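Shown next, in structure tokens, is the structure this report addresses.
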Amino acid sequence: MRVSIITVAYNSAATIEETIKSVLSQEDVEIEYIIIDGGSTDNTPQIIECFKEKINIIVSEPDRGIYDAMNKGIRLASGDIIGVLNSDDIYADNQVIRDVIQQFSSNPNLDILYGNLVYVKKDNTDKVVRTWRSKSYFDTFFENGNVPPHPSLFVSSKVYEIAGSFDLQYNLAADYEFMLRVLKKSNFQSKYINRLIVKMRLGGATNRSLTNIINGNKEILQAWVNNGHKAPLTLMPLRFIKRVIQFF
């Protein structure tokens, strides 16, 4: 079973080498590694070039943002399973992908797998600031303020073929909309594993400013409408509470 890992980058010279090494260090697996660079103007392309012999596909050209770059990678991917690791994130250890493959291999009907994530300091990935422990999917999973950590998500290629990829009308919450679409609307078979998958540096686009937080929440509410559901009034308070709990 082959896994495609997509890394999207833009001016990521400070972190992308560590991201690349975390993918290339995965043990006992066959990985198709795809890097989509949005036309970086710093040293990102030069760093990628240093690893070109071990990277299957490299694309460097302007794009319409992170989700457009992810879609490019998905279209190029030929793996049975597809995961996305952004250029400032790293896998928790060198056996993550092996364990992912074991889960899919032992359950041929499995479509979606996800686990846990920790937020770490930008300059010290061993310093955990927040811990995002997810849980198994259930009927009111999203209503209760839950959502899988997207960087920990691994998806069968058939899910993208059937349900489509990221909707570019969402600038900040396309990952949320995608997960709402494939878990709540389409009801693909999923599994949660209580395992740390990804270390994610603080400072993502959605949380970068109050304006982005507000706009991201608006997009989340719109995602419910566009997928034929009505978000409960308690959704945003519950999401806030669950985020606060991650600090403890």
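Tabulated values for the structure
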read-out: Residues of the range 23-55 satisfying the condition of being more than 17 Å from Ser12 (Cα to Cα) and loosely packed, with under 15 Cβ neighbours inside 10 Å; value: Leu24, Ser25, Glu27, Asp28, Glu30, Glu53, Lys54
read-out: Matching residues, the range 75-134, being polar (S, T, N, Q), farther than 20 Å from Ile20 by Cα and outside any helix (DSSP H, G or I); value: Asn107, Asn109, Asn116, Thr131, Ser134
read-out: Within the range 230-248, considering residues that are out of contact with any helix residue (DSSP H, G or I) (no Cβ under 9 Å at 6 or more places or on another chain) and among the hydrophobic types (A, V, I, L, M, F, W, C), the one modelled with the lowest pLDDT; value: Phe248
read-out: Cross-chain or 6+ apart pairs with Cβ under 6 Å, the range 14-28 first and assigned to a helix (DSSP H, G or I), then of a type in the set (Lys, Arg) and at pLDDT 95 or above; value: Leu24/Lys54
read-out: In the range 67-101, the residues that are out of contact with any Phe, Trp or Tyr (no Cβ under 6 Å at 6 or more places or on another chain), surrounded by fewer than 23 Cβ atoms within 10 Å (Cβ to Cβ) and under 16 Å from Asp175 (Cα atoms); value: Asp68, Lys72, Gly73
read-out: Criterion (in contact with a Ser or Thr (Cβ under 6 Å, 6 or more places away or on another chain) and among the aliphatic types (A, V, I, L, M)) met by exactly one of Ile47, Ile74, Ile66; value: Ile74
read-out: Candidate set from the range 1-37 (those that are small (Gly, Ala, Ser) and touching a Ser or Thr at 6+ places or on another chain (Cβ under 8 Å)); member that is farthest from Gly65 (Cα to Cα); value: Ser4
read-out: Residue ID - farthest from Gly79 (Cα to Cα), chosen from residues in the range 102-132 that are surrounded by 15 or more Cβ atoms within 10 Å (Cβ to Cβ) and among the charged types (D, E, K, R); value: Arg130
read-out: Verdict on Phe247 being over 16 Å from the mean Cα position of the chain (by Cα), at negative phi and not in a helix (DSSP H, G or I); value: yes
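Yes/no matrix, rows are residues, columns are (1) β-branched (Val, Ile, Thr); (2) within 29 Å of Asp68 (Cβ to Cβ); (3) out of contact with any helix residue (DSSP H, G or I) (no Cβ under 8 Å at 6 or more places or on another chain):
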position	(1), (2), (3)
Ile101	yes, yes, yes
Leu110	no, yes, no
Asn124	no, no, yes
Lys127	no, no, yes
Lys135	no, no, yes
Leu153	no, yes, no
Asp167	no, yes, no
Ala174	no, yes, no
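Yes/no matrix, rows are residues, columns are (1) touching a His at 6+ places or on another chain (Cβ under 6 Å); (2) over 25 Å from Thr19 (Cβ atoms); (3) part of a strand (DSSP E or B); (4) without any contact (Cβ under 8 Å) to a residue 40 or more places away in the chain:
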position: Tyr160; (1), (2), (3), (4): no, no, no, no
position: Leu180; (1), (2), (3), (4): no, yes, no, no
position: Lys184; (1), (2), (3), (4): no, yes, no, no
position: Ile193; (1), (2), (3), (4): no, no, yes, no
position: Gly203; (1), (2), (3), (4): no, no, no, no
position: Lys218; (1), (2), (3), (4): no, yes, no, yes
position: Val225; (1), (2), (3), (4): no, yes, no, yes
position: Lys230; (1), (2), (3), (4): no, yes, no, yes
position: Ile241; (1), (2), (3), (4): no, yes, no, no
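The values are calculated or read from the model by the stated rules, or taken from the named source; none is laboratory data. Since the structure is predicted, the reported quantities are computational estimates derived from the model, not experimental observations. Every residue, glycine among them, receives a Cβ derived from its backbone with ideal geometry; neighbour counts consider all protein chains shown.
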